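Reading through the structure tokens given below for one structure.
The values are calculated or read from the model by the stated rules, or taken from the named source; none is laboratory data. It should be emphasised that the depicted structure is a prediction, and the values quoted were computed from it without experimental measurement. Cβ coordinates were reconstructed from backbone atoms using ideal geometry, including for glycine residues, and neighbour counts include every protein chain displayed. Side chains are part of the model used for accessible areas, which takes the heavy atoms of the whole protein and leaves out ligands, DNA and RNA. Shrake-Rupley method; radii C 1.70, N 1.55, O 1.52, S 1.80 Å.
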Amino acid sequence: MLRLIGTRLATSVITLFLAAFFVFFAVQALPGDVAEQLLGQNATEEAVATMREQLGLDANVWVRFAEWLGGAVTGDFGTSLVSGESVSGTLWTAFSHTLLIAVPAIVVGIGLSLVLGVWAGSRRGTSTDSGISIIALVAMSIPEFVVATVLILLLAIIAPIFPAVVLGGPGASLSELLPAIVLPAITLVIAMAAYIIRAMRSSTIDGLATEYATTAELKGLTRRRVLWRHVAPSAILPVLPVISINVAWLLGGVVVVESVFNYPGLGKLMIDSVSTRDLPILQAIAVLSALVYVSVNLIADLLALAADPRQRTLHSSQRRSRSSKEATA
């Protein structure tokens, strides 16, 4: 088990390093000169050269990558080219705002999706199953910005219960953000729930068809007890990858949803940084998104290993098989 965890951790670190490597050099390969863009088209060559020296753009690209990577490891992503403020401070402020809508959406969305998926799978072929499946399919087919627009129309304009957008910008206080997180969170729940519901439904159907579920019912256990005590916990394991992808998608900054609601989260910060070509912030957002994806998938893998002894047995068997082949060779 410890060896498996070590392997997963090593793979995650390598993946994160490769993501940082490609992000940095992809940004460096973008056309145009950052110094010229900051100074304007009428800037003299001397002014551009001075600006490039101040930004460190005249140094060797490998030296710049090593310095940037060393700073990124310690949480220092440099200084914003537009505001002149610390990238780390701007990044963590936006990420904390994203967490305000992502965490409630994750808790409500995952819990609701798992229950509905089990409910639909246990009533396969009934009107309940058909209704839940149709709703999930419709939710999967409608883009997030359409859902967001409809919610604004219904709950912010026709019935002005919640604010449509955040007016305070990145400096908005918690009291300004809290009323505005409801509509984005509902949008995210609708967007993510459909995929988990369908995956959980299929997994539940497979679980009910297994021999242990049938045997449990033959021994006198009620179908309800078999479903929630035996089938549902096992059915969650194949759904973990789907859940991890959706969680990483939410925590990585939901660009479209945050743009529609003018919500000052990570996705909105990325859009603003692209328009102003603030490269240090773009690099930091890309690395943070990669870190979120790697971490969430690592947690999902470890949960699957801890909950399913068969996976540990499989890895042990594969390792013994390789050792036997090497000994024979």
* To do: Answer yes or no as to whether R198 is in contact (Cβ under 8 Å) with a residue 12 or more places away in the chain, open to solvent by 60 Å² or more (accessible area, probe 1.4 Å) and either among the aromatic types (F, W, Y) or closer than 20 Å to V231 by Cα (or both).
  => yes
* Structure fact -> When restricted to S234, S259, the only residue assigned to a helix (DSSP H, G or I), more than 27 Å from V147 (Cβ to Cβ) and in contact with a Phe, Trp or Tyr (Cβ under 9 Å, 6 or more places away or on another chain) is S234
* Structure fact -> When restricted to A199, A172, A216, the only residue modelled with pLDDT under 85 and over 16 Å from G265 (Cα atoms) is A216
* All positions within segment 119-131 that are in contact with an Asp or Glu (Cβ under 9 Å, 6 or more places away or on another chain) and without any contact (Cβ under 8 Å) to a residue 24 or more places away in the chain -> W119, R123
* To do: Among residues belonging to segment 150-164 that are part of a helix (DSSP H, G or I) and open to solvent by 80 Å² or more (accessible area, probe 1.4 Å), point out the one that is nearest to S133 (Cα to Cα).
  => L154
* To do: Note down all Cβ pairs under 6 Å where the first residue falls in segment 89-110 and is over 17 Å from N262 (Cα atoms), the second is open to solvent by 50 Å² or more (accessible area, probe 1.4 Å) and hydrophobic (A, V, I, L, M, F, W, C), and they're at least six residues apart or on different chains.
  => none
* Asked: Given A19, A26, A10, which one is surrounded by 16 or more Cβ atoms within 10 Å (Cβ to Cβ) and modelled with pLDDT of 75 or more?
  -> A19
* How many of the residues making up segment 201-215 are open to solvent by 70 Å² or more (accessible area, probe 1.4 Å) and within 23 Å of N246 (Cα to Cα)? -> 1
* Within segment 81-108, tally of residues that are part of a loop (DSSP other than H, G, I, E, B) and farther than 17 Å from V23 by Cβ -> 4
* Asked: When the residues of segment 85-99 are filtered to those that are hydrophobic (A, V, I, L, M, F, W, C) and crowded, with 23+ Cβ neighbours inside 10 Å, which remaining residue is nearest to the chain's Cα centre (by Cα)?
  -> A94
* Lone unmet requirement of (1) touching a residue at least 12 places away in the same chain (Cβ under 8 Å); (2) out of contact with any Leu (no Cβ under 6 Å at 6 or more places or on another chain); (3) of a type outside the set (S, T, Y) for P160 -> (1)
* Asked: Of the residues that make up segment 132-148, is at least one assigned to a helix (DSSP H, G or I), in contact (Cβ under 8 Å) with a residue 12 or more places away in the chain, closer than 30 Å to S234 by Cβ and under 20 Å from the mean Cα position of the chain (by Cα)?
  -> yes
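Here is a yes/no grid of residues against (1) modelled with pLDDT of 90 or more; (2) surrounded by 14 or more Cβ atoms within 10 Å (Cβ to Cβ); (3) of a type in the set (A, V, I, L, M):
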| position | (1), (2), (3) |
| --- | --- |
| A72 | no, yes, yes |
| F77 | no, yes, no |
| G117 | yes, yes, no |
| S130 | yes, no, no |
* **Residue that is in contact with a Phe, Trp or Tyr (Cβ under 9 Å, 6 or more places away or on another chain) and surrounded by fewer than 17 Cβ atoms within 10 Å (Cβ to Cβ), where the choices are P170, P179, P184** => P179
* Somewhere in segment 165-182, is a residue part of a helix (DSSP H, G or I) and under 20 Å from the mean Cα position of the chain (by Cα)? -> yes
